[in-house]
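Engineer: The structure follows.
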Amino acid sequence: MIAIGVSVAIVSVLAASAAFAEEPPRYKFEVGQEIGYRSDSASKFGSGEKAGTFLNTIDYTVWVVRKNENDTWRLVIRQVTESKRLDHEGKERVDSRAPQYAYCDIAADGTFVHNETLQFLNVSWLFPRLPPAADHRIWGARYDWDQTELRYRRDENQPEGNLRFREFRRTMLDPVYGFKWDTVYDFGHKEGLLVTAEQKFEQSVGFVGEGTETWALMHVKQHEPTWARQLADDSQRFFSVRQGDRGIVNAIARQPSQARELVAEAKSAMEVLLETCKSAEVQAMCTRHLDYLKSSEEYYFDQAANLAKLLDQPAPPWETTDWDGKKHSLADYRGKVVLLEFWYRGCGWCIRAMPQIKQLQAEFKDQPVAILGMCEDDEEENARFVVDYLNIEYPTLKSDGIQQKYGDGGWPTLVLIDQQGTVRRIHIGYSPTLRDELGAETRALLAKSKD
């Protein structure tokens with residue numbers, strides 16, 4: 001499954017009845033709780049010699065570390081994944097991933113506030129939205145950060161002691177990749193938690209396959225309040241100090257000559273936290289992140305060397321065509337601020353970024369600004385599908401490897417070029433604040449040209 005800024009999860013409720021027959025089901029969080037879940041999935045993909053099977057096991061540990069003043073609960077979450085891939089001959093490849101950590105502030109009904117640490121962790125599958133009243137048969141939620149709409153329906157056959165409901169999930173990526181989801185949850189009234197869930201999923205475009213995934217509540221433990229307070233304080237410091245991959249990459253993109261200093265500062269801050277924090281769990285987080293920073297150093301430095309050759313230098317020239325055969329070259333846009341958006345259909349983060357690029361297009365449509373989609377897809381069908389589906393009005397050109405002229409650091413890559421043809425900014429990866437960042441930089445270049 002294909003799977004950073006703060007966006008609020010906006011919830012809209014569809015009520016089948018306004019009457020409250022009894023107390024609605026709610027999550028029974030307690031400070032000091034440790035909640036363990038295990039997810040097992042199996043999916044088949046491809047055909048013939050390209051056929052295979054993915055087996056995925058994820059262990060989640062959720063710590064309830066404090067109750068916030070607004071009646072939400074702070075959760076700290078650890079996710080450990082082990083994947084196995086079996087090819088068509090049965091040969092096995094095991095991929096054990098290092099633990100990932102996130103936090104979440106969540107209400108007793110499952111409403112939560114999204115944050116950048118949740119990029120690869122879907123809280124709504126561990127703690128799905130609960131009905132607003134005990135007798136509601138239909139309810140729903142919408143999460144604006146990834147444009148997901150959820151509808152829930154109470155199952156006709158209710159197991160004793162549980163609330164069983166089905167989820168109908170729709171995301172902006174579903175038409176692009178042919179995703180289909182069918183999930184059934186069992187919420188335990190006594191436990192005040194999700195006890196089991198089963199999901200069937202399929203993908204009909206790109207990585208074609210289908211499979212099932214199950215979740216199960218494995219354990220619930222209770223720690224002392226002092227333990228929870230220490231974990232709350234130390235984990236908050238950890239998430240404040242931590243520099244994720246996107247943060248460092250884009251800091252280096254702004255100041256490539258300072259790459260070694262930026263990485264050293266990130267490591268030093270984490271080393272100080274490791275020496276001063278008292279929570280064993282946060283010590284493990286610090287150690288893991290230090291290992292990550294050390295293993296990524298050469299990548300960062302290579303990227304910095306490439307970017308240093310581009311920033312504040314004349315943009316590499318190129319010529320290409322759009323999908324109707326019309327010729328385009330960078331020289332055609334001299335005198336305008338140019339934003340190059342490199343993408344391809346198989347990049348989910350590219351697709352998620354496009355609504356923000358469309359907003360930039362609308363904002364600057366009457367100004368000397370040219371936004372150009374640079375599609376790396378070989379097949380015209382893929383490019384046209386995305387353009388039509390998202391109603392993209394700015395030109396989409398064939399990239400044909402042009403991205404490599406601008407560093408080839410990741411997807412999406414966005415390159416901002418000033419009116420004189422000089423590269424002023426290279427942004428790598430998705431961010432929910434792309435529009436704000438690139439909009440501010442574009443306005444600054446426009447203002448400078450008027451001085």
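The values are calculated or read from the model by the stated rules, or taken from the named source; none is laboratory data. Being a predicted model, the structure only gives us computed values, none of them experimental. A quick note on method: Cβ atoms are made from the backbone with ideal geometry, for glycine too, and the neighbour counts reach across all protein chains shown.
Engineer: Quick one: which of Thr276, Thr226, Thr212 is loosely packed, with under 14 Cβ neighbours inside 10 Å, of a type in the set (Val, Ile, Thr) and within 30 Å of Glu381 (Cα to Cα)?
Structural biologist: From the options Thr276, Thr226, Thr212, the qualifying one is Thr212.
Engineer: Let me ask something else about it. Return the residue satisfying two criteria in turn: it lies in the range 126-153 and is of a type in the set (A, V, I, L, M, F, W, C) and assigned to a loop (DSSP other than H, G, I, E, B), and of such residues it is nearest to Glu198 (Cα to Cα).
Structural biologist: Filtering first and then ranking leaves Phe127.
Engineer: When you check Ser329 against the structure, is it in contact with a Ser or Thr (Cβ under 9 Å, 6 or more places away or on another chain), polar (S, T, N, Q) and within 24 Å of Leu416 (Cβ to Cβ), yes or no?
Structural biologist: yes
Engineer: On to the next question. Specify the residue that is farthest from Phe385 (Cα to Cα); the eligible residues are those in the range 193-207 that are out of contact with any Leu (no Cβ under 8 Å at 6 or more places or on another chain) and surrounded by fewer than 18 Cβ atoms within 10 Å (Cβ to Cβ). Steps first, answer last, please.
Structural biologist: Looking only at the range 193-207, we keep the residues that are out of contact with any Leu (no Cβ under 8 Å at 6 or more places or on another chain), and these are 197-207.
In the following step, the residues that additionally are surrounded by fewer than 18 Cβ atoms within 10 Å (Cβ to Cβ) were identified as 198, 200, 202, 204-207.
Values: Glu198: 31, Lys200: 26, Glu202: 19, Ser204: 14, Val205: 12, Gly206: 13, Phe207: 17 Å.
Checked the range 193-207; the qualifying residue farthest from Phe385 (Cα to Cα) is Glu198.
Engineer: Then there's this: Please work out which residue is surrounded by the fewest Cβ atoms within 10 Å (Cβ to Cβ), limiting yourself to the range 311-342 and to residues that are under 28 Å from the mean Cα position of the chain (by Cα) and more than 18 Å from Ser449 (Cβ to Cβ).
Structural biologist: The qualifying residue surrounded by the fewest Cβ atoms within 10 Å (Cβ to Cβ) is Leu311.
Engineer: Can you pull out the residues in the range 247-273 that are surrounded by 14 or more Cβ atoms within 10 Å (Cβ to Cβ) and among the aliphatic types (A, V, I, L, M)?
Structural biologist: Residues satisfying the conditions are Ile248, Val249, Ala251, Ile252, Ala253, Ala259, Leu262, Val263, Ala266, Ala269, Met270, Leu273.
Engineer: Quick one: what pairs do we get from the range 206-228, first residue closer than 30 Å to Lys278 by Cβ, second of a type in the set (S, T, N, Q) and in a strand (DSSP E or B), C-beta under 7 Å, 6+ apart or different chains?
Structural biologist: These pairs meet every condition: Val220/Gln33; Gln222/Gln33.
Engineer: In addition: Can you list the strands (runs of 3 or more DSSP E) found entirely within the range 364-435 that contain at least 2 residues being over 21 Å from Gly206 (Cα atoms) and among the β-branched types (Val, Ile, Thr)?
Structural biologist: Result: 369-375, 413-417, 423-428.
Residue by residue, here is whether (1) surrounded by fewer than 18 Cβ atoms within 10 Å (Cβ to Cβ); (2) of a type in the set (Ser, Thr, Tyr); (3) farther than 16 Å from Arg352 by Cα holds:
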{"residue": "Leu130", "(1), (2), (3)": "no, no, yes"}
{"residue": "Asp135", "(1), (2), (3)": "yes, no, yes"}
{"residue": "Trp145", "(1), (2), (3)": "no, no, no"}
{"residue": "Thr148", "(1), (2), (3)": "no, yes, no"}
{"residue": "Tyr152", "(1), (2), (3)": "no, yes, yes"}
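Engineer: Which residue is nearest to Ser235 (Cα to Cα), if the candidates are limited to the range 35-77 and must be surrounded by fewer than 19 Cβ atoms within 10 Å (Cβ to Cβ) and of a type in the set (Lys, Arg)?
Structural biologist: Residue satisfying both the conditions and the ranking: Lys67.
Engineer: How many of the residues making up the range 187-220 are small (Gly, Ala, Ser), within 26 Å of the chain's Cα centre (by Cα) and closer than 25 Å to Arg129 by Cβ?
Structural biologist: 3
Engineer: Okay, moving on. Just wondering, is there one or more residues in the range 202-220 that are part of a strand (DSSP E or B), farther than 30 Å from Lys44 by Cβ and in contact with a strand residue (DSSP E or B) (Cβ under 7 Å, 6 or more places away or on another chain)? Even if it seems obvious, please write down each step before you answer.
Structural biologist: So the first thing to find is which residues in the range 202-220 are part of a strand (DSSP E or B), and the list is 202-203, 209-220.
Of the ones still in play, those that are also farther than 30 Å from Lys44 by Cβ are 219-220.
Going one step further and asking which of them are in contact with a strand residue (DSSP E or B) (Cβ under 7 Å, 6 or more places away or on another chain), we end up with 219-220.
Yes.
Engineer: Counting only residues that are in contact with a helix residue (DSSP H, G or I) (Cβ under 6 Å, 6 or more places away or on another chain) and part of a loop (DSSP other than H, G, I, E, B), how many does the range 273-309 have?
Structural biologist: Qualifying residue count for the region: 3.
Engineer: Taking the range 357-374, which residues are surrounded by 14 or more Cβ atoms within 10 Å (Cβ to Cβ) and in contact with an Asp or Glu (Cβ under 9 Å, 6 or more places away or on another chain)?
Structural biologist: Within the range 357-374, Ile357, Lys358, Gln361, Val369, Ala370, Ile371, Leu372, Gly373, Met374 qualify.
Engineer: Find all pairs meeting these conditions: Cβ atoms under 6 angstrom apart; at least six residues apart or on different chains; first residue within the range 384-404 and under 22 Å from Thr171 (Cα atoms); second residue surrounded by 14 or more Cβ atoms within 10 Å (Cβ to Cβ).
Structural biologist: Short answer, once both residue conditions are applied: Val386/Arg345; Val387/Thr396; Tyr389/Pro175; Leu390/Met354.
Engineer: Kindly provide the set of residues from the range 142-168 that are at pLDDT 95 or above and in contact with a helix residue (DSSP H, G or I) (Cβ under 9 Å, 6 or more places away or on another chain), ordered by number.
Structural biologist: Answer for the range 142-168, where residues must be at pLDDT 95 or above and in contact with a helix residue (DSSP H, G or I) (Cβ under 9 Å, 6 or more places away or on another chain): Leu150, Glu167.
Engineer: Same structure, new question: Contact list please: Cβ distance under 6 Å, first residue in the range 264-292 and within 19 Å of Trp63 (Cα to Cα), second residue at pLDDT 95 or above and of a type in the set (Asp, Glu), pairs at least six apart or on different chains.
Structural biologist: Between residues of the range 264-292 that are within 19 Å of Trp63 (Cα to Cα) and residues that are at pLDDT 95 or above and of a type in the set (Asp, Glu), the close pairs are Cys277/Asp234; Ser279/Asp234; Val282/Asp234.
Engineer: Still on this model: Considering only residues that are in a loop (DSSP other than H, G, I, E, B) and under 24 Å from the mean Cα position of the chain (by Cα), look in the range 221-244 and name the one that is modelled with the lowest pLDDT.
Structural biologist: Among them, the one singled out is Gly244.
Engineer: Please determine, by comparing only the residues of the range 328-351 that are in a helix (DSSP H, G or I) and modelled with pLDDT of 95 or more, which one is farthest from Arg424 (Cα to Cα).
Structural biologist: Ile351
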